[in-house]
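A quick write-up on the structure given underneath.
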Amino acid sequence: ATLLGYYQKADPPRTSDGDKLVSGAQSIDTLMKDPDWLVAQASWEVFRNQPSKAVDDVRTAMKLAPKSSQYVQSYLSVLLDTKNNSQLLSDTDAMIAANPNRWWIYQARGLARSAMHDAARATGEFRQAFDLALADKDYASADTVLTAMSRQHLVDAALQLATPHVHENVRMAIAVARLSIQKGDQPGGLAVLNEAMGKVSSRPPDQQAM
């Protein structure tokens, strides 16, 4: 799996070597039952513009380890990478019915809806992801959602989500500062950042981690 990544990142990419590795793996039963290998193979197939094979392989990986969220996330990533946005929305309807509390499923749905040029519904999906992350006080994941929104040109919507929480956690303050600067409000962003850093520096040294 690591070797495939090396072949993909080589300059120029070593496509022939990667194709041979993938082809040879098909006759090795242990690899065909290894979800980590199948995810790596799917990534290679996305790179090689083989979307059907990629989706089939990562779906198999997910079925081989049904209790692992890691492979569900890989599956959703491949669906996004291969522009199977409608399929992602359909599949995640069932996932949400089974467990509605996984923030990253809503983020994937937001990305899919953004790719389908449905900004309003995308914003709703991202909001759900953000709210679920914050409910667990998982500020790192909440920031991940905000970053995803900003990359989909939803900076204003991301700011509306983050600003009410600016005093709850330094990470949220930094996110608001970053988004403000991205929007073009550098003075406002720097003011928020300076205030947040001032609060951190006023803590005892053992409490200054963010």
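When the range 169-191 is filtered for residues that are in contact (Cβ under 8 Å) with a residue 12 or more places away in the chain and part of a loop (DSSP other than H, G, I, E, B), only Asn169 remains. Close Cβ contacts (under 8 Å, 6 or more residues apart or on different chains) running from residues in the range 88-101 that are loosely packed, with under 11 Cβ neighbours inside 10 Å to residues that are in a helix (DSSP H, G or I) comprise Asn101/Leu132.
In this structure, Ala112 does not satisfy being under 20 Å from Ser52 (Cα atoms), part of a helix (DSSP H, G or I) and within 10 Å of the chain's Cα centre (by Cα).
Can you pull out the residues in the range 8-21 that are crowded, with 17+ Cβ neighbours inside 10 Å and over 26 Å from the mean Cα position of the chain (by Cα)? Listed by number, the residues that qualify are Arg14, Leu21. Selection over the range 44-68 of residues that are in a helix (DSSP H, G or I), closer than 20 Å to Gly18 by Cα and either among the basic types (Lys, Arg) or open to solvent by less than 60 Å² (accessible area, probe 1.4 Å) (or both) gives a count of 10. Checking each residue in the range 69-85 for being open to solvent by 80 Å² or more (accessible area, probe 1.4 Å) and not charged (D, E, K, R) picks out only Gln70. Scanning the range 115-127 for residues that are assigned to a helix (DSSP H, G or I), touching a residue at least 24 places away in the same chain (Cβ under 8 Å) and either open to solvent by 20 Å² or more (accessible area, probe 1.4 Å) or among the basic types (Lys, Arg) (or both) turns up Ala115, Ala119, Thr123, Arg127. The C-beta contact set for the range 1-28 (first residue in a loop (DSSP other than H, G, I, E, B), second residue hydroxyl-bearing (Ser, Thr, Tyr) and surrounded by 11 or more Cβ atoms within 10 Å (Cβ to Cβ), distance under 9 angstrom, 6+ apart or interchain) comprises Ala1/Ser43; Pro13/Tyr7; Arg14/Tyr6; Arg14/Tyr7.
Can you tell me which of Ala196, Ala162, Ala142 is touching a helix residue (DSSP H, G or I) at 6+ places or on another chain (Cβ under 6 Å), at pLDDT below 90, in a helix (DSSP H, G or I) and surrounded by 19 or more Cβ atoms within 10 Å (Cβ to Cβ)?
Numbers: Ala162 fails: at pLDDT below 90; Ala142 fails: at pLDDT below 90.
Step by step, each of Ala196, Ala162, Ala142 is checked, and only Ala196 is touching a helix residue (DSSP H, G or I) at 6+ places or on another chain (Cβ under 6 Å), at pLDDT below 90, in a helix (DSSP H, G or I) and surrounded by 19 or more Cβ atoms within 10 Å (Cβ to Cβ).
Could you tell me whether any residue of the range 75-82 is touching a Lys or Arg at 6+ places or on another chain (Cβ under 7 Å) and assigned to a helix (DSSP H, G or I)? Yes - at least one qualifying residue is present in the range 75-82.
The values are calculated or read from the model by the stated rules, or taken from the named source; none is laboratory data. Everything numeric here is computed off the predicted structure, so don't read it as measured data. Note: ideal-geometry Cβ built from the backbone for every residue, glycine included; neighbour counts use all protein chains shown. These area figures cover heavy atoms from the full protein model, side chains too; ligands, DNA and RNA do not enter into them. Shrake-Rupley method; radii C 1.70, N 1.55, O 1.52, S 1.80 Å.
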